[in-house]
Amino acid sequence: MTESQFLIPLWADLTAVGLGGVQGALFASGFVGQRRLDLLGVAIIGIVMGLGGGMIRDLLLNTTPVALQSNWYLLTVTGAALVGMLLAGVFHRLNAVIVALDAVAIGMFGALGTTKALALGLPAIPALFVGVCAAVGGGLLRDVFMGLPVAMMHVGSLYAIAAAGGCAVLVTLDIVGVEAVPAAIACIAVTAVIRVLAVAFDISLPEQRALYRRKVAVETSTIPIIKP
Amino acid sequence: MTESQFLIPLWADLTAVGLGGVQGALFASGFVGQRRLDLLGVAIIGIVMGLGGGMIRDLLLNTTPVALQSNWYLLTVTGAALVGMLLAGVFHRLNAVIVALDAVAIGMFGALGTTKALALGLPAIPALFVGVCAAVGGGLLRDVFMGLPVAMMHVGSLYAIAAAGGCAVLVTLDIVGVEAVPAAIACIAVTAVIRVLAVAFDISLPEQRALYRRKVAVETSTIPIIKP
Amino acid sequence: MTESQFLIPLWADLTAVGLGGVQGALFASGFVGQRRLDLLGVAIIGIVMGLGGGMIRDLLLNTTPVALQSNWYLLTVTGAALVGMLLAGVFHRLNAVIVALDAVAIGMFGALGTTKALALGLPAIPALFVGVCAAVGGGLLRDVFMGLPVAMMHVGSLYAIAAAGGCAVLVTLDIVGVEAVPAAIACIAVTAVIRVLAVAFDISLPEQRALYRRKVAVETSTIPIIKP
């Protein structure tokens, strides 16, 4: 862990945590009123989005969550959540800002997770898995806490695929001997680009065609259907 | 961990676990029939409320859950859940009993969590965070298991704030050199009083006014509404 | 952990992981279309069902998840999930296959969890608890990820009881000195038989009678009730 703390500078970790916190509070602010989320609820979602991914990463790696080893993480994420709450009125209709922030945050969490896993000696595929869990974990916890359908499970905007693509690039670059910093930057860039393009062009994975078509037919048709 | 086990006597831990177990079963009994929860489901919720907070605390602290190191925890919580199930018929309308039990249980989990975190050398703010997670973790897991909206996220009765207040008192007393036992008692008292007063006087945090008003306006169209 | 890795051969672990992966993907395929789960969502549910129980087991035991220590686990579970997706069209109406696979998978996860807990020196009751958590954990995570009511909480088919019965047999056999392999086989057999019989004969636990009857009476009454 000393090794990984050496590899990952505090400012990089805190930047990801802060981005996640702002993003979470911006997201949650949209639900105040509708779902009767209160100010505290918005702050909690900011904290969950900022710290959740890193905590899941550290639980999987069986290390004490780094966010609990100094006061800075919780101070940063709480401050970031407050900023997100204050800016919500300004940015709320600028959906593009939220998407962009989110894309960069996912990329950073993925890069930090994969790098830490590799630094602790995990093989390539588990390291990639830890990176993806770190990237999508905050959003997963957010959805569970808010009682929303888990976003990454549904037809949508290649949330987990973007993270997996970036982390795969990082692992590959690590194998061929590229240094940690440029590899992490490549990971963030690839993740953010896939994610932003997916949202911009509304790309999604295909559903399982046969099953889907049968279901839709059954649900929408008034004509009796002979089933196999 | 030897140190923290020295600091936290088994009877204190088991009392909190037992209170949580009774409280969880009382709560879950109210949903039998409605949500088709069976006897086993009620028992599981009792166990989750009794052990969930401590398990989350120990996962965050990266120690083996203390509840798995002797047979007593699981025996106590299971027995407590059975007591809660048997008493549900008697106490079900005495909502005050459930609120009071809950307030004391939250206070105890918060005190035990913060104390253990401080004993393991965590800084003040992370120790407070671990205490709050230990206090609200059981209820959070309960809500997720039961498919309910997560209680602490919604406009309500200062659930997490009560825990945070108590744990902040404990951390402050620890910094100024007060011994563990009186500090823990102060934590429990502050938490329980805030929580009970919040329920009694129906106090809640403000929502984000601007956003809320805009939403309500949009949703209810142009007809003026007189609010209580 | 070296000890437990000696006790549990890799092929046994990978068989359970593979069964879980196939089963998860079969289950999730039924929801494509209805809940707009995409191909990736189905694969994620397969991975969650295959690895979730073992991960929860290892988190509770405070060991690094064994699934992250070699590439094989993630390769196996991903392959199994793909097989489950391809076979879904064939097996979807053969509900018996899904039930049988599920029963054996639960038994294996319970046996592996209890054995590992005993090998790490946990007392009997916590070892049983870890086994049950390993057995039902994958299904629990699946339901949370899919936004479904948690299956084991509701009146149904003795899901957790089947796992507890099998794990209790294993712990008892361990206490009386039976070797690990026959004890594990007995655990799997007992779990699978209870589970399959419960589904076949639609056995469930009683609900809390008194409460249930009162609620139904209130809900179905034709007399208007004035609520406070």
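A few points about this structure:
- In this structure, A:Leu10 and A:Val83 have a Cβ-Cβ separation that, at R0 = 30 Å, corresponds to a calculated FRET efficiency of about 0.95.
- Paramagnetic reach from C:Ala189 in the stretch C:108-138 [backbone N under 20 Å; point 7 Å along Cα→Cβ]: C:108-115
- Accessible area in the full protein assembly, largest first, 1.4 Å probe, for A:Thr172, B:Thr114: A:Thr172, B:Thr114
- Placing a label point 7 Å from the Cα of A:Ala12 along the Cα-to-Cβ direction, the distances to the matching points in the other copies come to 4.1, 4.1 nm, shortest first.
- In the assembly of identical copies, A:Leu197 has its label point, taken 7 Å from Cα in the direction of the beta carbon, separated from the corresponding points by 5.8, 5.8 nm (ascending, one decimal).
- A:Glu179 accessible area, assembled protein chains, probe 1.4 Å, Å²: 140 Å²
- Rough spin-label spacing in nm, given labels placed 7 Å along Cα→Cβ, for C:Leu197 and C:Ile175: 2.2 nm
- Teacher prompt: A:Val97 distances to equivalent labels in other copies, 7 Å Cα→Cβ, nm: 5.3, 5.3
- For the stretch B:3-203, the Cβ-based charge dipole about the Cα centre amounts to some 420 debye (Lys, Arg positive; Asp, Glu negative; other atoms uncharged).
- Expressed as a whole percent, the accessible surface of the stretch B:25-145 that belongs to carbon and sulfur atoms is 72, based on a 1.4 Å probe.
- Approximate spin-label separation A:Ser70-C:Leu148, in nm, with each point projected 7 Å along Cα-to-Cβ: 4.4 nm
- Heavy-atom accessible surface of B:Trp72, to the nearest 10 Å², is about 150 Å², with a 1.4 Å probe and all protein chains retained.
- Accessible surface of C:Leu120 - all protein chains present, 1.4 Å probe, nearest 10 Å²: 60 Å²
- Residue-averaged beta-carbon neighbours from other chains (10 angstrom radius) around B:142-151: 4
The values are calculated or read from the model by the stated rules, or taken from the named source; none is laboratory data. A quick note: this is a predicted structure, and the numbers were derived from the prediction, not measured. Here Cβ is always computed from backbone atoms with ideal geometry, including for glycine, and neighbour counts include all displayed protein chains. Surface accessibility is based on the protein's heavy atoms, side chains included, excluding ligands, DNA and RNA. Shrake-Rupley method; radii C 1.70, N 1.55, O 1.52, S 1.80 Å.
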